[in-house]
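First comes the structure, then the notes that go with it.
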Amino acid sequence: MKNKRVKVVQLITTMADGGAETLVKDYALLCDKERIDLSVIVWSGPIGSSNERLLREAGINVIYLGIDAVNKPSSNPVIKAYRMVKKYKVFRDEIIKGNAEVIHVHLRFGRYLKTLPDNVLKRIKLFYTLHNEPSKYFDPNGSGKKKFEYEETKRLIDRYGLTVITLHDDMNRQVRELFNTENVITVNNGINFERFDRLLYDRQSVRDSLNISANAKVIGHVGSYTEQKNHEFLLKLFSEYLKKDRDARMILVGRGVLKEKVAGMIKDMGLDKQIISLENRSDIPALMCAMDVFVLPSRWEGFPVVLLEAQKIGLKCVISDRINKEVVLSDDVTMLNIDGNLDSWIEAIDGNSVKEEPVGRFEDYDIRKSIKTLEDLYAV
């Protein structure tokens, strides 16, 4: 007789093409369907991302709580309040009537679980993956969202046994100290190694599709258009690099709240002919093969999946020193200060810089290993 499948809900704010969303997509696509009955609940509505498309094509059950706001946008405060109440009711019904046994939450989540009754929370296993540094979410001595997130997370840990999942050892230590708890486990972010094999892709064919010549230097970046990813720095850096190589090109892949602003900056700086802006792409490995160097000048990060991808496919990586060093897996990564001189970044792009020593091993970041760890946690 087969063991009963565990009913798991992955709960996330949006299904854009960011790192957290990509992980949830991979969890859904690659989990053992004989062990796990998995659904994805998205707090917002569909936005047409590649992650959404891949889930749809695979027949994964995805419930969008904010679909009304997408189909019929409204600025009427009464309608907006009604829709918010409706979202909570639909979420509550999906959890209760669907007999969910596990809820695994990603990104900010404090408000979501408050509507669930005490008896429901007590019977469900709760997990929360912290996708960024704890200071970006929690402040027990502050006010507003960070204080609320801290208090709600603390309540769920103490009363309902919530397990916080961290992405590296230093984050694990911080969370243990912050919440005075042992309910913390580190699960490595992972990638699908099968996709990030350079031999699968024809570099020049990808370049041809983007109208990039074979000899052009291509600087690449994949990331959401948010303050965290520091696109302003990227544009300044590329503008300076063009002074020494007018044939260079930059590929930017992503979408987000600052995309329109960044597009305006690109035009104002006269870079619209040299920068190729893409979004909703499911062919990130192929696009990376068209690049010569990957640049990630983030102001902060948890454990960026995209940097694992870039290293796995063999790209030279020039990154911010505000990113945790545990993400360095290859011998071609340079970490630099984003407040420093752009000349050092330009030298690193050209390969004239000191490289970081690898800290971890690629085999520890195979998404299938991470999923197996999660499946075992869900089933305990």
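The values are calculated or read from the model by the stated rules, or taken from the named source; none is laboratory data. The structure displayed is predicted, hence computed values, not measured ones. Please note: Cβ atoms are built from the backbone with ideal geometry, for glycine as well, and neighbour counts cover all protein chains shown.
Some notes on this structure:
- Residue match in segment 103-119 (condition: more than 25 Å from Lys147 (Cα to Cα) and of a type in the set (Val, Ile, Thr)): no
- The lone criterion from (1) in a loop (DSSP other than H, G, I, E, B); (2) surrounded by 15 or more Cβ atoms within 10 Å (Cβ to Cβ) left unmet by Glu152 is number (1).
- Filter result for Gly351 (in a loop (DSSP other than H, G, I, E, B), surrounded by fewer than 20 Cβ atoms within 10 Å (Cβ to Cβ) and at pLDDT below 95): yes
- Test for Glu357: is it exposed (fewer than 15 other Cβ atoms within 10 Å of the Cβ), assigned by TED's automatic domain parsing to the domain that holds Tyr225, acidic (Asp, Glu) and over 30 Å from Lys125 (Cβ atoms): yes
- Pro304 vs. criteria surrounded by fewer than 17 Cβ atoms within 10 Å (Cβ to Cβ), in contact with a Ser or Thr (Cβ under 9 Å, 6 or more places away or on another chain) and closer than 25 Å to Arg198 by Cβ: no
- Any chance Ala58 is in the same structural domain as Tyr27 (by TED's automatic domain parsing), touching a helix residue (DSSP H, G or I) at 6+ places or on another chain (Cβ under 6 Å), surrounded by fewer than 16 Cβ atoms within 10 Å (Cβ to Cβ) and more than 24 Å from Lys154 (Cα to Cα): yes
- Members of segment 293-327 found to be within 16 Å of Leu237 (Cα to Cα), among the aliphatic types (A, V, I, L, M) and without any contact (Cβ under 8 Å) to a residue 40 or more places away in the chain, listed by number: Val318, Ile319
- A residue that is buried (at least 16 other Cβ atoms within 10 Å of the Cβ), within 17 Å of Thr14 (Cβ to Cβ) and in contact with an Asp or Glu (Cβ under 9 Å, 6 or more places away or on another chain) occurs somewhere in segment 81-96.
- Residues satisfying the stated conditions in segment 1-37, i.e. outside any loop (DSSP other than H, G, I, E, B) and basic (Lys, Arg): Lys7, Lys25
- Identity of the residue in segment 272-285, outside any loop (DSSP other than H, G, I, E, B) and of a type outside the set (A, V, I, L, M), that ends up nearest to the chain's Cα centre (by Cα): Pro285
- Within the set Leu237, Leu210, the sole residue that is crowded, with 19+ Cβ neighbours inside 10 Å, touching a residue at least 60 places away in the same chain (Cβ under 8 Å) and more than 23 Å from Leu329 (Cα to Cα) turns out to be Leu237.
- Criterion violated by Asn119 - all others in (1) under 30 Å from Glu177 (Cα atoms); (2) assigned to a strand (DSSP E or B) satisfied: (2)
Rundown of residues vs (1) in contact (Cβ under 8 Å) with a residue 40 or more places away in the chain; (2) within 24 Å of the chain's Cα centre (by Cα), yes/no style:
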| residue | (1), (2) |
| --- | --- |
| Leu329 | no, yes |
| Thr334 | no, yes |
| Asn341 | no, no |
| Glu347 | no, no |
| Val354 | no, no |
| Arg361 | no, yes |
| Lys369 | yes, yes |
| Leu374 | yes, yes |
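- Filter result for Ala286 (in the same structural domain as Asp332 (by TED's automatic domain parsing), of a type in the set (A, V, I, L, M) and without any contact (Cβ under 8 Å) to a residue 24 or more places away in the chain): no
- The criterion of at least 3 residues that are assigned by TED's automatic domain parsing to the domain that holds Thr373 is met by the following strands (runs of 3 or more DSSP E) wholly inside segment 171-271: 184-186.
- Count of segment 286-318 residues which are touching a helix residue (DSSP H, G or I) at 6+ places or on another chain (Cβ under 7 Å) and part of a helix (DSSP H, G or I): 11
- Verdict on Phe127 being under 27 Å from Arg92 (Cα atoms), in contact with an Asp or Glu (Cβ under 6 Å, 6 or more places away or on another chain) and not assigned by TED's automatic domain parsing to the domain that holds Met250: no
- Here Val164 fits the description: in the same structural domain as Asn132 (by TED's automatic domain parsing), touching a helix residue (DSSP H, G or I) at 6+ places or on another chain (Cβ under 7 Å), surrounded by 15 or more Cβ atoms within 10 Å (Cβ to Cβ) and not small (Gly, Ala, Ser).
- Among the residues examined, Arg299 qualifies as in the same structural domain as Leu342 (by TED's automatic domain parsing) and at pLDDT 95 or above.
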